[in-house]
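**Q** Pasting a structure below so you can have a look.
Please treat every number below as a calculation from the coordinates, not as lab data. None of the values given here were measured: they were computed from a predicted structure. All Cβ positions, even for glycine, are placed from backbone atoms using ideal geometry, and neighbour counts span all protein chains on display.
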Amino acid sequence: MENLNESFAISFTQFISAHPSLQALTLFIATDMVYVIPLALLSSFLFVRSENRGNYAKKLLSVFLVTIVAWGIVFAIKYFFPLPRPHTVLSEVVPLFLPRDSASYPSGHSAVFSSLAFSLLFLKEKKLGSVLLCIALCVGVARVGAGVHYPFDIFAGFLVGLLSAFFTLRALKA
């Protein structure tokens, strides 16, 4: 399994590196998308009918609480089990950028984006949740393509996001 994880990371980052236009897109999705989505969610509040704003605000608060839980879980796992990023152990992987921390597993970006998506899906916001799930997949793929994560890191991040959404919303009875 580890060989497959490493082989895919090497092949995919080399493919991205060979295409400058894909590099630019990958870099944007892997780094800047983290700012775009929360702002879009907050600004969507402006377009909700006034009679539905209270319910929508409650959902938004629940979603952001779930993302904080997911981020906390990722932080704890990275602290206790700091696995190195691909570019630090595989000479064939050249990252598009250098991340702030050196721990790879699990992907915090994947955990946060998937927790947003799964929260919205569980809260019956199917369209927005589905769009965010697609974006979360794109972010995960971009993080692998950027050379800062292995595919298994992305999978683990999605699992953290899913479980955070399920258990946090259940605890909130949202």
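**Q** Just the C-alpha atoms of the range 2-172: what Rg/Rh do they give, with Rh taken as the Kirkwood radius? Write down the numbers at each step before the final one.
**A** Numbers: Rg = 16.7 Å, Rh = 16.5 Å.
That ratio is 1.01, to two decimals.
**Q** Summing +1 for each Lys or Arg and -1 for each Asp or Glu, what net charge is found among the other residues whose Cβ lies under 10 Å from the Cβ of Lys59?
**A** +1
**Q** Give me the distance between the Cα centres of the range 79-111 and the range 14-33, rounded to whole Å.
**A** 16 Å
**Q** Compute the length gained on full extension between Val131 and Ile10: take 0.36 nm times their separation in residues and subtract their Cα-Cα distance, giving the result in nm to one decimal.
**A** Numbers: separation 121, 0.36 × 121 = 43.56 nm, distance 2.85 nm.
Stretched fully, the Val131-Ile10 segment lengthens by 40.7 nm.
**Q** Any idea what the dipole of the chain comes to, in debye rounded to 20, about its Cα centre with Lys/Arg Cβ at +1 and Asp/Glu Cβ at -1? Please report the intermediate quantities before stating the final value.
**A** On the way: 13 positive and 8 negative charges, 182 e Å.
Here the chain has a charge dipole of around 880 debye.
**Q** Let me ask you something else. Amide H to amide H, which residues 5 or more places from Tyr105 or on other chains are under 5 Å from it, using H placed in the peptide plane?
**A** Sorted by chain and number, the residues that satisfy this are Leu83.
**Q** Mean-square fluctuation check for the chain, GNM, Cα pairs under 10 Å: which of Ser110, Ser91, Ser102 is largest?
**A** Residue with maximal mean-square fluctuation among Ser110, Ser91, Ser102: Ser91.
**Q** Can I ask one more? Can you pull out the chymotrypsin sites (Phe, Trp or Tyr not before Pro) in the range 75-147 whose DSSP state is coil and whose Cβ has at most 15 other Cβ atoms within 10 Å?
**A** Phe97
**Q** For Tyr35 and Ser21, compute 0.36 nm times the residue count separating them, minus their Cα-Cα distance, and round to one decimal in nm. Don't jump to the answer; show the numbers that get you there.
**A** On the way: separation 14, 0.36 × 14 = 5.04 nm, distance 2.14 nm.
Difference between extended and current length: 2.9 nm.
**Q** Sticking with this one: Give the cross-link partners of Lys58 among the lysines, using a straight C-alpha distance below 20 Å as the criterion and excluding same-chain residues fewer than 8 apart.
**A** Straight-line reach from Lys58, under 20 Å: Lys124, Lys126, Lys127, Lys173.
**Q** Same structure again: Can you give the FRET efficiency to the nearest 0.05 for Leu61 and Phe81, using r as the Cβ-Cβ distance and R₀ = 35 Å? Present the calculation step by step, with values, prior to reporting the outcome.
**A** Details: r = 31 Å, r/R0 = 0.88.
Efficiency for this residue pair is about 0.70.
**Q** Related question: Mind checking which of Ala30, Ala156, Ala57 has the largest fluctuation in a GNM of the chain, springs on alpha carbons under 10 Å?
**A** Ala57
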